[in-house]
Amino acid sequence: MSINTSIISITNLKGGVAKTTTTANLGAGLAKLGYKVLMVDWDPQGNLTMHFGYNPEEVNTLYEALDANQEDFYQTSQLATLPIENYPDRLFLFGNNFNLSKFESMFSDPSLGGGHIVLANVLNLYKGKVDFILVDCQPSLSLLTVNAYYASDFLFIPLEVGSFSKNGMDKILFALKRLNKNYNRDIKVGGVFFTRMEPKTVISRDYVKYFSSAGDIPLMQTQIRRNIAIKECQEMGMDIFSYDRKNSDESKRRVISNSNEDYYDFIQELLVLVGKKKFKSLSRDTSTETYNSRQKGKLNQEFVTFLNA
């Protein structure tokens with residue numbers, strides 16, 4: 001039975017807003033829920049590759065399989081995905097390194113045509129075989145980024161509170177509108193969400209209010225709070241769920257980081273937005289409190305099951 005594959009790009013034209021962190025933890029969380037996931041490191045910095053403990057200079061990369069002289073722009077025999085520890089048979093990665101920065105010079109030749117569909121051609125091979133394909137984009141509107149957008153069904157956009165958030169958002173929306181019109185595509189912004197949040201600050205509340213009132217921006221309820229555990233798990237080459245499981249009290253399973261809860265809620269909300277689920281189950285019982293305040297509440301049983309999986 002063929003799988004209905006959703007292709008999602010995690011993108012922002014500004015760096016340092018947790019694109020790679022989100023891609024890594026989204027992929028791991030989906031795999032933990034039983035979905036089959038392919039992640040694509042589509043940034044010459046190779047940060048997603050490094051996040052999972054791989055040296056970008058020592059692995060087979062997706063770039064090595066790309067070939068402008070091939071009809072479909074790639075060599076099938078050279079395509080090699082990397083397995084992710086703790087999620088056997090469910091989570092895989094196309095790694096990349098700085099060689100990917102040569103992509104534009106290789107595929108921008110007008111005589112070739114189709115330089116914007118290179119990644120889409122590769123990912124078409126995996127449609128029907130995995131539930132999700134997640135693309136970690138570079139922080140610029142380059143030919144690489146256009147390839148990621150063209151290949152995608154949805155864009156999810158992490159924002160950090162700051163004066164450049166609106167400017168970057170406008171550029172993404174404009175590029176997406178033009179891409180959909182020129183190539184008869186229907187790529188959607190699935191959701192916009194804040195990362196590295198400090199919800200109690202006035203500036204954070206002001207930015208949430210501003211983006212909530214913008215009719216063309218689908219702001220998600222979930223906010224990813226600032227947490228040192230995120231940096232610690234990156235240093236260990238792990239996702240936040242594996243990190244918390246390793247470092248928490250295994251008998252009680254109560255010592256969990258804010259980021260564990262936040263990314264769980266983010267995934268539940270995303271599954272609704274992309275049409276994979278009808279309802280989301282938040283990590284905590286919020287019936288007597290506002291969602292964003294995140295006061296201590298009763299752990300949702302579905303979340304407890306997820307933690308112990």
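Some observations on this one:
- Region 1-79: chymotrypsin sites (Phe, Trp or Tyr not before Pro) in DSSP loop, at most 15 other beta carbons within 10 Å: none
- For the chain, modelled as a GNM whose springs connect Cα atoms under 10 angstrom apart, the maximal fluctuation among Lys129, Lys277, Lys19 occurs at Lys277.
- Only Cα pairs under 8 Å and 6+ residues apart enter the sum, and on that basis the relative contact order of the chain stands at 21 percent.
- Taking Cβ atoms as reference points and 13 Å as the exclusive limit, the residues near Tyr74 contribute a net charge of -4, counting Lys and Arg as +1 and Asp and Glu as -1.
- Share, in percent, of DSSP beta bridges within the chain that are antiparallel, nearest 5: 10
- For the chain, the carbon plus sulfur part of the accessible surface works out to 49%, probe radius 1.4 Å.
- For Ser6, residues with placed amide H under 5 Å, excluding near neighbours: Phe132, Ile133
- Choice from Gly34, Gly237, Gly275 showing the highest fluctuation, given a GNM over the chain with Cα pairs closer than 10 Å: Gly275
- Region 1-81: GluC sites (Glu not before Pro) in DSSP coil with no more than 13 other Cβ atoms inside 10 Å: Glu57, Glu58, Glu71
- Probe 1.4 Å - accessible area at Tyr183, Å² to nearest ten: 100
- Scanning residues 5 or more positions from Val189 or on other chains, those with amide H under 5 Å from its amide H are Leu155, with H placed 1.01 Å from N in the peptide plane.
- Compactness check for region 22-172: Cα Rg over 2.2 N^0.38 Å is 1.04.
- Close amide-amide hydrogen proximity is noted between Lys127 and no other residue 5 or more places distant or on a separate chain, at a cut-off under 5 Å (H modeled in the peptide plane; Pro and chain starts excluded).
- Accessible area expressed per residue, the chain, with surrounding protein chains retained (probe 1.4 Å, Å²): 46
- For trypsin sites (Lys or Arg not before Pro), the sites in region 165-228 that DSSP calls loop and that have at most 11 other Cβ atoms within 10 Å are Lys200.
The values are calculated or read from the model by the stated rules, or taken from the named source; none is laboratory data. Just so it is clear, the model here is predicted, and its values are computed rather than measured. Using ideal geometry, Cβ is built from the backbone for each residue, glycine included, and neighbour counts are taken over all protein chains shown. Accessible surface areas use protein heavy atoms only, side chains included; no ligands, DNA or RNA. Shrake-Rupley method; radii C 1.70, N 1.55, O 1.52, S 1.80 Å.
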